[in-house]
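For reference, the structure is listed below as structure tokens.
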Amino acid sequence: IAVLPFGRMDLSDRFSNLGDAIPAEIISSLARLRWLRVIARESSFRFRGDTVDLTGLRTVLGAGFCLSGRVELVAGRLAVSVDLVDTRSGSLIWSEHFERAIDDLHAIRADIVTAVIGALDLQIPLAEAALARTKPVEHLDAWGAYHLGLSHMYRFNGHDNAIAAGLFKRATDLDPGFATAYAARSFATHQEVAQAYKNDHDRILPEARRLAERAVELDPFDPFANMVMGRATLLSDMPDDGWFWYDRSTHLSPSFAKGYYSRGIVDMLAGRTMLARQGLDTAMGLSPMDPLLGIMLTAKALTYMVDGDFSAARDWASRSVRVNQAHYLVIVTTALVCQLAGDSAEAARWALHLRALRPDATISPYLKVLHFADEALRVRVRGVLSGLGIPD
């Protein structure tokens, strides 16, 4: 991606540097994503002007994507418009307009940069996956296979997860140094247990850890690689052991929503519910359209369940199933907290939905993933789910 200097309209001397300062901050933040090659500002800023030269960006810089923008003052408010364009097709991938009061310039810049990074972290993979779908699998390069794999992994069913794992393996076979693809392989392998697709835990969990270790070995600065290293401990009896890796992932990339979400899960399991909600809110704020949004909302529901506030837990779980009705943990949690809140009819409805969607679903994988530190809570959860007709 090439991030160009933003055009400036009606800016006073005080704000005249924003056209360069905001895209420069975006470049620095994007570089932390690791899976994305970001053209240095010394090269991309040479393409300065009112007209974007897509051919030049593609042929001279090798950029598949271009982010351009415009900064202006409108009635005393700072307005920033940004466009993401595919240089290969010339198509507009994503566009957004930000408008903020001018009182705190530093906060405005940080807010805009964070929003742009979160959006690009979603929009570029979506665009690459759409392009990859137009090609036979055997013609995909490592980059295309990786992004097509992501689109399957987030469908939350065993069939698509297996397709994703195969595409990620193709990516690492074609490019053995592709750290983020190894991290994705670990994530997909982890889901085989977390989503109860397979029960061969003794084989699956060491494989998920091996792939995560390989990802970190190849690129210790990749936030995704660090995050999956933490997830490798989640299915043990000591999920708190992963906090170091989650914190490291967000230190490497402060806009990495999945790192905050993963740390929030661990804090929730340990009973640190206020801290968990802070992390989960940060994750959802950074990536409000994240494919994991449903499970993020579920995790927030569970923080209230741990606190004993079953009414609030039910409310948050109801939001989660409006976002995702395919994820095993989302459905089971909704049935669980509705029953705890005294809403037996709604609990039965979601237990029936689970049996229709996943006839093989049992309680054990749920408590394997969500190993609550409070043993009495684990016992109660098992009893409630058993009462809803979910076998052990």
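The values are calculated or read from the model by the stated rules, or taken from the named source; none is laboratory data. The shown structure was predicted, so the numbers you read here are calculated from the model rather than taken from an experiment. Reconstructed Cβ throughout: ideal geometry from the backbone, glycine too, with neighbour counts over all protein chains shown. What goes into the accessible areas is simple: the full protein's heavy atoms, side chains included, and nothing from ligands, DNA or RNA. Shrake-Rupley method; radii C 1.70, N 1.55, O 1.52, S 1.80 Å.
Within region 271-290, being modelled with pLDDT of 95 or more and either small (Gly, Ala, Ser) or over 27 Å from Leu120 (Cβ atoms) (or both) holds for Gly271, Arg272, Thr273, Met274, Leu275, Ala276, Gly279.
Here the condition is being under 21 Å from Met284 (Cα atoms), small (Gly, Ala, Ser), assigned to a loop (DSSP other than H, G, I, E, B) and in contact (Cβ under 8 Å) with a residue 12 or more places away in the chain; of Ser262, Ser255, it holds for Ser255 alone.
The C-beta contact set for region 107-132 (first residue open to solvent by less than 50 Å² (accessible area, probe 1.4 Å), second residue aliphatic (A, V, I, L, M) and in a helix (DSSP H, G or I), distance under 6 angstrom, 6+ apart or interchain) comprises Val113/Ile26; Val116/Ile26; Gly118/Leu286; Pro125/Leu150; Ala129/Leu148; Ala132/Leu148. Just a yes or no: is a residue in region 64-71 modelled with pLDDT of 90 or more, among the hydroxyl-bearing types (Ser, Thr, Tyr), closer than 22 Å to Pro125 by Cβ and assigned to a strand (DSSP E or B)? There is at least one residue in region 64-71 that is modelled with pLDDT of 90 or more, among the hydroxyl-bearing types (Ser, Thr, Tyr), closer than 22 Å to Pro125 by Cβ and assigned to a strand (DSSP E or B).
Among the basic types (Lys, Arg) and within 25 Å of Lys198 (Cα to Cα): which single residue out of Arg349, Arg355 fits that description? Break it down into steps so the answer makes sense when it comes.
Working: Arg349 fails: within 25 Å of Lys198 (Cα to Cα).
Result: Arg355 is the single residue among Arg349, Arg355 that is among the basic types (Lys, Arg) and within 25 Å of Lys198 (Cα to Cα).
Residue under question is Ala345, and the condition is that it be open to solvent by 70 Å² or more (accessible area, probe 1.4 Å), modelled with pLDDT of 90 or more, touching a Cys at 6+ places or on another chain (Cβ under 9 Å) and in a helix (DSSP H, G or I); does it hold? Before you say what the answer is, go through the steps one by one.
On the way: open to solvent by 70 Å² or more (accessible area, probe 1.4 Å): yes; modelled with pLDDT of 90 or more: yes; touching a Cys at 6+ places or on another chain (Cβ under 9 Å): yes; in a helix (DSSP H, G or I): yes.
Yes: the conditions hold for Ala345.
Checked against (1) at pLDDT 85 or above; (2) small (Gly, Ala, Ser); (3) farther than 27 Å from Ser253 by Cα, Ala21 passes all but condition (3).
Out of Leu370, Leu357, Leu352, one residue alone is hydrophobic (A, V, I, L, M, F, W, C), under 12 Å from Tyr328 (Cβ atoms) and open to solvent by 50 Å² or more (accessible area, probe 1.4 Å). It is Leu357.
Within region 114-123, does at least one residue satisfy the condition of being out of contact with any Cys (no Cβ under 8 Å at 6 or more places or on another chain), in a strand (DSSP E or B), aliphatic (A, V, I, L, M) and modelled with pLDDT under 90?
Initial filter on region 114-123 (out of contact with any Cys (no Cβ under 8 Å at 6 or more places or on another chain)): 114-123.
Among the residues that remain, those that are also in a strand (DSSP E or B) are: none.
The answer is no; no qualifying residue exists.
Right, Lys169: more than 13 Å from Gly149 (Cβ to Cβ) and surrounded by fewer than 23 Cβ atoms within 10 Å (Cβ to Cβ) or not? Please lay out each step first, then the result.
Working: more than 13 Å from Gly149 (Cβ to Cβ): no; surrounded by fewer than 23 Cβ atoms within 10 Å (Cβ to Cβ): yes.
No.
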